[in-house]
Amino acid sequence: MAKIKCGVVGVGNCFSGLYQGLQYYKEHPEKEVIGLMHQDMAGYKTRDIEFVSAFDVAKNKVGRPLNEAAMAKPNMVDWIKLEDSSVIVQESPVLDGVGRYVEETINPIRNEPTEELKEKIKSHIKETGTEIIVSYLPVGSQKAAEFWAQMCLETGVAFVNCMPVFIASNPEWEKKFREKKIPVIGDDIKGQIGATIVHRVLTKLTQDRGAELDKTYQLNVGGNTDFQNMLERSRLESKKISKTESVQSQLKNRMDDDMIHIGPSDHVPFLHNTKICFIYMEGRQWADVPYKIDLKLDVDDKANSAGIVVDAVRAAKIALDRGYGGAIESASAYLMKHPPMQMSDPEAKAALEYFIMGKEQKIGK
Ligand SMILES: NC(=O)c1ccc[n+]([C@@H]2O[C@H](COP(=O)([O-])OP(=O)(O)OC[C@H]3O[C@@H](n4cnc5c(N)ncnc54)[C@H](O)[C@@H]3O)[C@@H](O)[C@H]2O)c1
């Protein structure tokens with residue numbers, strides 16, 4: 001029996017990495033899970049997470065069993081052979097989910113009107129007993145993200161928002177979740193050893209050591225649909241804010257906007273799911289003598305976020321069990337790039353430990 005029944009919106013590469021990892025750990029119970037927090041979080045283990053519903057728009061994913069959809073193109077994660085699943089991927093409204101550069105690759109269905117889909121989606125969520133929706137919608141899907149936040153509000157399902165449209169960190173949306181006593185954790189998932197966390201930690205280091213940071217950039221390239229989609233600059237506004245604020249929040253004094261540049265930079269198809277990140281930092285120490293940090297990070301983008309999502313899902317389940325509603329501040333601060341309240345990573349970790357123990361102060365309480 002699944003202890004945590006999840007649904008996913010966006011059966012893309014991130015989900016495929018999470019799903020394959022969940023099966024990998026089920027097949028190897030002797031292995032310690034390489035995740036962020038505890039093997040056992042308030043009684044919940046990684047193997048307690050099960051995906052009982054899934055939603056997408058791609059012609060080659062909708063109507064297919066979840067294991068097949070997770071491996072369908074343009075997904076590229078191919079770590080293990082997935083076992084058969086009885087979960088059939090349901091249709092989600094396309095809205096603004098599919099950008100100009102990925103339209104041909106994704107090939108979306110545009111069949112049913114949104115209003116009709118809405119009723120079907122709500123019934124499906126109820127029938128499957130879905131209690132947490134994990135959103136992996138593409139960058140720039142403002143309307144689709146809001147549609148799914150609304151679906152959670154109308155069905156009483158918790159929301160884990162892994163993408164950079166602001167829901168948990170938007171006071172109006174947060175209030176709606178709080179008033180309905182539904183937990184929301186967001187926004188924009190961090191990586192285990194990702195560009196944001198490395199950049200944040202180094203930035204905090206300069207501050208803790210009393211140095212000045214005068215200029216910094218973070219450039220990222222990758223070869224999957226996430227990067228292909230981000231070629232459309234107009235879809236990037238909230239992603240840039242999310243990534244930039246995550247670093248700015250670690251500084252004692254904000255840097256001028258023209259001294260900090262953070263953003264995805266290009267799509268290099270042969271990189272597939274490898275993400276290359278270049279971080280540059282320049283500042284001054286004692287007697288204004290300069291220092292420079294020039295760093296290159298080379299990671300599998302999809303292995304990077306899955307362990308964090310496992311913790312976010314378990315935190316959402318703990319919140320449901322305890323009847324908490326609204327943004328779960330500590331989990332959002334530790335696990336997400338753009339939470340309602342930024343903290344340093346050690347502070348956020350300590351706050352999340354308190355939350356797991358049942359001691360968190362909540363927004364509005
Ligand atoms: N480490 C990471 O990879 C990481 C970190 C932080 C945030 N994110 C974010 O997670 C999200 C997912 O990334 P990905 O690499 O899996 O992307 P992806 O392009 O591989 O997958 C997106 C999926 O969403 C589907 N989709 C598009 N419109 C939809 C709609 N309206 N309704 C339902 N499904 C829809 C697509 O068909 C596709 O299956 C992105 O927003 C990305 O920026 C990823």
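Just so you know, all these numbers are worked out from the coordinates, no wet-lab data involved. Remember, predicted model here, so these are calculated numbers, not experimental data. Positions of Cβ are generated from backbone atoms using ideal geometry, with glycine treated the same way; all protein chains shown enter the neighbour counts.
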(message) Output the 0 to 90 degree angle, nearest 10, between the alpha-carbon long axis of helix 114-128 and the longest principal axis computed from the alpha carbons of the chain.
(response) 80
(message) Output wanted: per-residue J couplings in Hz (rounded whole) for the stretch 165-175, from phi through Karplus 6.51 cos²θ - 1.76 cosθ + 1.60, θ = phi - 60°, x for Gly and Pro.
(response) 10, 7, 10, 4, 8, 9, x, 5, 5, 4, 4
(message) So for the stretch 11-113, averaging the separation of alpha carbon pairs under 8 Å that are six or more residues apart and normalising by length, what relative contact order in percent results?
(response) 31
(message) Defining a contact as two alpha carbons under 8 Å apart and six or more residues distant in sequence, what relative contact order in percent does the chain show?
(response) 19
(message) Give me the one-decimal nm value for the distance between modelled label points at Leu251 and Asp300, 7 Å along each residue's Cα-to-Cβ direction.
(response) 3.5
(request) With a 10 Å radius around each residue's Cβ, average the other Cβ atoms per peptide and rank 241-247, 186-192, highest first. (result) 186-192, 241-247
(request) Among the lysines, select those whose C-alpha is under 23 Å from the C-alpha of Lys73, and discard any that sit fewer than 8 residues away in the same chain. (result) Lys59, Lys61, Lys81, Lys275, Lys302
(message) Antiparallel versus total DSSP beta bridges in the stretch 195-301: what percent is that, nearest 5?
(response) 75
(request) Evaluate the relative contact order of the stretch 195-301 (contact order divided by residue number), counting alpha-carbon pairs under 8 angstrom at least 6 apart; express in whole percent. (result) 38
(request) Evaluate the charge dipole of the stretch 195-301 about its Cα centre and quote only its size in Debye, nearest 20, assuming +1 on the Cβ of each Lys and Arg and -1 on the Cβ of each Asp and Glu. (result) 200
(message) Applying a 10 Å radius around every beta-carbon, put 146-153, 72-79 in order of their mean neighbour count, most first.
(response) 146-153, 72-79
(request) Report ³J(HN,Hα) in whole Hz for each residue of the stretch 52-57, in order, from the Karplus equation J = 6.51 cos²θ - 1.76 cosθ + 1.60 where θ = phi - 60°; Gly and Pro get x. (result) 9, 8, 8, 9, 7, 10
(request) Kindly provide the helix-only [θ] at 222 nm of the chain, computed as the sum of -39,500 (n - 2.57) over DSSP H runs of four or more divided by all residues, to the nearest 500 deg cm²/dmol? (result) -11500 deg cm²/dmol
(message) If neighbour count is taken as other Cβ atoms inside 10 Å, put Val87, Val201 in order from fewest to most.
(response) Val201, Val87
(request) Report, in degrees rounded to the nearest 10, the 0 to 90 angle that the Cα long axis of helix 345-356 makes with the longest principal axis of the chain. (result) 40
(message) Rounded to the nearest 5, what % of DSSP beta bridges with both residues in the chain are antiparallel?
(response) 50
(message) For the pair Gln192/Arg47, report the inter-label distance in nm, with labels modelled 7 Å from Cα in the Cβ direction.
(response) 1.8
(message) Give the residue list of GluC sites (Glu not before Pro) in the stretch 64-116 that are DSSP loop and have at most 14 other beta-carbon atoms within 10 angstrom.
(response) Glu83
(message) Ranking request for peptides 203-215, 313-325: highest mean number of other beta-carbon atoms within 10 Å first, then the rest in descending order.
(response) 313-325, 203-215
(request) Quick one: which residues, 5 or more positions from Gly194 or on another chain, have an amide H under 5 Å from its amide H? H modelled 1.01 Å from N in the peptide plane, none for Pro or chain starts. (result) none
(message) If I stretch the segment between Asn107 and Glu146 completely, what's the gain in nm (0.36 nm per residue apart, minus their alpha carbon distance), one decimal?
(response) 11.8 nm
(message) Give me a comma-separated list of calculated 3J(HN,Hα) values for the stretch 227-237, in order, Karplus coefficients 6.51, -1.76, 1.60 applied at θ = phi - 60°, integers in Hz, x for any Gly or Pro.
(response) 5, 4, 4, 6, 5, 7, 4, 5, 8, 9, 3
(request) Return one number: the angle in degrees, 0 to 90 and rounded to the nearest 10, between the long axis of the Cα atoms of helix 13-27 and the longest principal axis of the Cα atoms of the chain. (result) 70
(request) Tell me which residues come under 5 Å, amide H to amide H, from Ile189 once H is placed; ignore anything under 5 positions away on its chain. (result) Met163, Lys337
